[in-house]
Structures are given as C-alpha cells and as structure tokens.
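Following: one structure in structure tokens, then a few remarks.
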Amino acid sequence: MSEKSRSDFTPVPKVSAVPPMRYETPLVPRNSISGRALVAVVAIMTFLASLTTGGVILVSQAASAWQADVSREVTVQIIPAAGRDIEADVSKAASIVKNTAGVADVRAYSKQESEKLLEPWLGTGLTLDELPVPRLIVVKIASGAAPDLPQLRGVLQAQVPGAVLDDHRGFIERMRAMSGTAIAVGIGILLLMIAATVLSVTFATRGAMATNKTVIEVLHFVGAKNRFIAENFQRHFLLLGLEGGAFGGGAAIALFAIASFLSRWFGTTAGGEQTSALFGSFSIGLGGYAAVVVQVLLIAGVTAFTSRQTVNRTLEMID
Amino acid sequence: MVRFENVGLRYGMGPEVLRDLTFRIEPHSFQFLTGPSGAGKTSLLRLLFLSLKPTRGLITQFGHDVATLSKDAVATLRRRIGIVFQDFRLLDHMSTYENVALPLRVMGRPEESYRDEVIELLNWVGLGERIWALPPVLSGGEKQRAAIARAVIARPQLLLADEPTGNVDPSLGQRLLRLFIELNKSGTSVVIATHDIALMDQYDARRLVLHDGRLHIYD
C-alpha cells in the first residue's frame, strides 16, 4: 500500500508515541474461568491419586517389614523333661545354634526371664518352680543369610531331646497371603483412581477447550497452520496441567512429609509404637515421591494430549 | 487470480445452494456480491476463502486447483486472502494492536519487525487512540475497522468482506467504502458482500448478483 494512498484516507487521529504495553499476549487466553476450573480439577484428582499411591506404598512397605522382621527370627523352645538338666540342654542347644552358619545372634532366656514372660497371663507373686516352664532361645538370622533350618532342626532333636525349632513358617505364610491381598486391592484401587483421574481430566480439558473454539477458528482463518495452532494449545494446556499437578502432587508430598515427621516425633510414645508397628514409619520414601512426580507428569501429559486432539477435531470440523 | 467453472455446492444431502457458478476475479478488480438473504452469498465467500470445498466443478486460486491442495498449502494460500467477517471475530483477550497484528504473528514474524506497520495502519483506519483497548470496550464501528485492518495488514492480494457496513452508520459506511477503494487502488482485488444498495450506488463497480443459487454478473 503506497504512502500516497494511505494519506488519502483523511480522518485519522494519530497517536504521538507508542505507549509501552504488552505486545505478546499468549494466543490462548490465560486465566479464563474454564482454565482455572481445569487447574482445580487436575489439582484435586492429582492429590487423590497421589494419596492412593502413597497408601498402597505404605501398606506394601509395612507388609514387607512385618514379613522381614518375622522371617529374620526363629525360636528354639526347650521343654523340660523328667531326668534331664534343662540348664545343660539350653546351653547345649544355644551352642549348636550359635555354630550354625547364617546365625547372627543367639539369646537364651534365663529361668527368671521365661517366668516373666508368663506374668501377663498368670500375674505376679506366684512361685513357678513346680511348673514345667519351657525355656526359649531367640535366634537372629544374619541379614541376607539363609541357614539350613531343616538340618538344624534335625541336629537339635537328635542332640537335645525336647528341643523344638519354630521358624514361624505358618505365620509368615498367612502374613504373606494377607499382605499380598492388601497390595493387590491397593493396586486395583490405584488403577481405578488413575482411570478416574484421566477421564475427569480429559473431560475437564474438553470443557475448557470449548470456550476456545473462536480462538481456533480465528487463528485458522488468518492463515495459521494446523500444527501451529495445535502446538500453542498443547503448550498452554500442558502448563495448566503442570500447574494443577504441582498443586495437587505438592500437597500430597507435603502431607506425606508431615505424616512421616509426626510419626518419628511421636514414635517413642506407646501409641506411636503401636501405629509404627502397624503402618511402619509413614514414610513413602524416595520411590514414593518419585511416583507422585510421575503421576503429575502423566496427568499434565493427558491434559496436553487431550487439548491437541480437541484442536485437531475442531479444525477438521471447520474444514 | 480466482476462477470458478461450473461450481456447485450442497450441504450434506440437501439441495444445491449454489449452482453452475462460472466466473473470474481478476487482479486489481473491485466487485460487489449481492442478492437476497439466503441466496448463498456467505457460502460463496466461504468457497472463495477456502473454508468450504465445492461438491462439483473446479476452483482455481492463484493458479492452484484448490481440490488438490494439502491443509498446509491451503493455510499458506489463505495468507494471500484477507477476510472481514460480519461478526468481526476479534479475540477478546488481545488488544486491538495484537488482533490486527495476528496474521503477521502466525507467519512467524518477530514483533519488532511489524510494530510500526501495524501502528501506521491503525492510525490510518482511525484507531490510533484505541491501540491498547480490548475488543469488548470498542464500539461496533471500531470493531469493524479493527477487523478490516486485520484483514489487510498482511497486504493480501484478495480481500473478502461480508456485510462490512452492516453495523455502522452511513457516514462510517462511506468511510469504510473509501478505505476499500484505496486498498483496491493499491493493488488488492476486493469482493464486498452486501445488501446495501446505497453503498453500491456510491461506487461504480462490477456486481455479482446471486439469485436462487445462480450467479448473474453485471460488469
């Protein structure tokens, strides 16, 4: 357009100078109501999914810890028999066990200690001299070692009549079945939670995209290529997803960190010890925090992917 | 520049809304497109703007058969066409300046390279003092001029305008017509779809009249 032709169009109030203002407003409007609603949905769903993940990790860790604690310990019980010196039997059994490969520690309970174990049931002040109170030897297995327990059981039975080795196998089996069920249920709930999160984030993204139809159309009509439009929306919605995910995932991480801190803080009290025995330290560990971060990225990715799909569908409808 | 040969258009399984259109739009030409409501003016504009494909016939634009173009090629070709929508279609979250600069921005040009150009055009259409205003606070006439400025900022070879004077008073309508005439003098082919007989009477130009889906041309 020539300078001459432009100057022919007379009624133009000219501005003296260009005021410093924003020049590069994002093509996709920020801070729209639907965008904020999407951030809220993503934050809430990420928070709930992260709590579920953390819960599954805690149950799994507690179950593993119970199993490990029980399986690292076996008990030898010496039952008194007529005509035998139980102190000598205890001493001999302890010696046999101590010399077995893979045993870290052996502790034989004294007569007084064994009687003390019965106090919760029989009360104090009783004389138990006349009763055949069995004696216990608690054997700690070295970490990572697997002593040959059947052979040890045979040796004990051969050399110390009345010695019974209990490796808690039945209890461990029941524990394993219970913890396996708990973890399977937890993973099932987690999968449902992730599916619900993906679906709700998908629909919330589509809702937010509906308000941007005019933007897509205008960009299309001024000559923007489909890829350019899709990339702009994808980037915008990825940021929205990350923002919501950071709020939700961050809140979940903070909650787990506080719970872990409190469980350590109150760990020395009676109630704290009970809780700790049942649920462990309430710490989901680095792996747990990494799982929350992965969820945040996954949900942000779902948001971006859905927006791109919606843009492509809208552009196909326009054409 | 634009050639239609026996072009027909129908929506879905409905009747043909445009029938046997055969005409050319030459470079540097000026024409009004008119006809009664429902005659198919907007459909014809959409065909010219490549946002519809004909159900039959041949359309060539700038030497390309539009039926064979890829989506990216259509987008590139569309940059040579400016369009003024009846409902303006300005983006409410962007200032007047940014709305007008949008075609240049999507081409990937850096903002510094077109800043002066956009401000000069805004001054030219009388929006020099509304540069940073957002569309919701602009009057109907101001929106119309912003939409026209956006359509011409990339110096299109073909300008299409759908009822550009439909929302403005007669004096502003005259000014807008002068604007289109100036653009035409500077080399842009112009097609104005309008019902406004008074507007057409102000300028002696070719008339394309649509009636019952058929086109009658009065040179």
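The values are calculated or read from the model by the stated rules, or taken from the named source; none is laboratory data. Being a predicted model, the structure only gives us computed values, none of them experimental. All Cβ positions, glycine included, derive from the backbone under ideal geometry; neighbour counts span all protein chains shown.
Here are some notes:
- Residue list for the stretch B:132-156, filter: crowded, with 20+ Cβ neighbours inside 10 Å, at the interface with chain A (Cβ under 8 Å from one of its Cβ atoms) and in a loop (DSSP other than H, G, I, E, B): B:Ala154
- At least 2 residues being farther than 30 Å from A:Arg313 by Cα and touching a Gly at 6+ places or on another chain (Cβ under 7 Å) is the threshold, and among the helices (runs of 4 or more DSSP H) wholly inside the stretch A:155-272 those reaching it are A:226-265.
- A:Lys213 surrounded by 12 or more Cβ atoms within 10 Å (Cβ to Cβ) and within 30 Å of B:Asn99 (Cβ to Cβ): yes
- The requirement of being modelled with pLDDT under 90, within 23 Å of B:Val100 (Cβ to Cβ) and either surrounded by fewer than 21 Cβ atoms within 10 Å (Cβ to Cβ) or more than 25 Å from the chain's Cα centre (by Cα) (or both) is fulfilled nowhere in the stretch A:255-267; no residue meets it.
- When residues of the stretch B:51-79 are limited to those that are away from every other protein chain (no Cβ under 11 Å) and in contact with a Pro (Cβ under 9 Å, 6 or more places away or on another chain), the one farthest from B:Gln157 (Cα to Cα): B:Ala67
- Summed over the stretch B:85-105, the residues that are assigned to a helix (DSSP H, G or I), aromatic (Phe, Trp, Tyr) and more than 9 Å from every other protein chain (Cβ to nearest Cβ) give a count of 0.
- Which listed residue is in contact with a strand residue (DSSP E or B) (Cβ under 7 Å, 6 or more places away or on another chain), within 22 Å of B:Gln202 (Cα to Cα) and more than 8 Å from chain A (Cβ to nearest Cβ), from B:Leu172, B:Leu176, B:Leu159: B:Leu159
Residues checked against (1) touching a strand residue (DSSP E or B) at 6+ places or on another chain (Cβ under 7 Å); (2) buried (at least 18 other Cβ atoms within 10 Å of the Cβ):
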position	(1), (2)
A:Leu152	yes, yes
A:Glu173	no, no
A:Val201	no, yes
A:Thr205	no, yes
A:Gly223	no, yes
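- Exactly one residue among A:Val76, A:Val59 is farther than 30 Å from A:Met209 by Cβ, more than 14 Å from chain B (Cβ to nearest Cβ), at pLDDT 80 or above and touching a Phe, Trp or Tyr at 6+ places or on another chain (Cβ under 9 Å), and that residue is A:Val59.
- Set B:Gly108, B:Gly82, B:Gly128: member being small (Gly, Ala, Ser), in contact with a strand residue (DSSP E or B) (Cβ under 9 Å, 6 or more places away or on another chain), outside any helix (DSSP H, G or I) and within 11 Å of chain A (Cβ to nearest Cβ): B:Gly82
- So A:Ala230, is it of a type outside the set (Asp, Glu), surrounded by fewer than 18 Cβ atoms within 10 Å (Cβ to Cβ) and modelled with pLDDT of 75 or more: no
- Condition check for B:Glu98: of a type outside the set (A, V, I, L, M, F, W, C) and more than 27 Å from A:Leu27 (Cα to Cα): no
- Cβ-Cβ under 8 Å pairs, at least 6 apart or on other chains, the stretch B:181-206 side free of Cβ contacts under 8 Å to residues at least 24 places away in the same chain and more than 14 Å from chain A (Cβ to nearest Cβ), far side charged (D, E, K, R) and surrounded by 15 or more Cβ atoms within 10 Å (Cβ to Cβ): none
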